[in-house]
Amino acid sequence: MSDHKKHDISDIKFIKDVAVGSVNPNVVLSDNARQAQINLLNRCLNDYPKGILIGKDIAIGRYTIGEHELVMQKTIYHVGFSRKPVWLDEKGIEK
């Protein structure tokens, strides 16, 4: 038997959208910027109050630059919380 608490969608009062990646060829993310996005997602899912993943959207951009084809992906994770975490400021950015 599992000790995990079952989540009810009616408990969700705040949703944070966390983007990982970019589909804009003019905005190339550094390794540090991508890692910061992943760190925010992990914090949302592991810190108090612990969020739950309620959905995700995936966007893919395909561009031709000269003779080269560039494929980029951005995933937006929708993380639900029972209340807004205090470690998020008013703009939804990690403090």
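The values are calculated or read from the model by the stated rules, or taken from the named source; none is laboratory data. Quantities reported herein were computed from a predicted structural model and do not represent experimental measurements. Neighbour counts are summed over all protein chains in view; Cβ atoms, including those assigned to glycine, are modelled from backbone coordinates with ideal geometry. Note: areas computed on protein heavy atoms with side chains; ligands, DNA, RNA excluded. Shrake-Rupley method; radii C 1.70, N 1.55, O 1.52, S 1.80 Å.
Okay, here's what the table says:
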{"item": "Residue list for region 64-85, filter: open to solvent by 70 Å² or more (accessible area, probe 1.4 Å) and part of a strand (DSSP E or B)", "result": "T64, I65, H68, E69, V71, Q73"}
{"item": "Given (1) touching a Ser or Thr at 6+ places or on another chain (Cβ under 9 Å); (2) surrounded by 12 or more Cβ atoms within 10 Å (Cβ to Cβ), index of the condition D57 fails", "result": "(2)"}
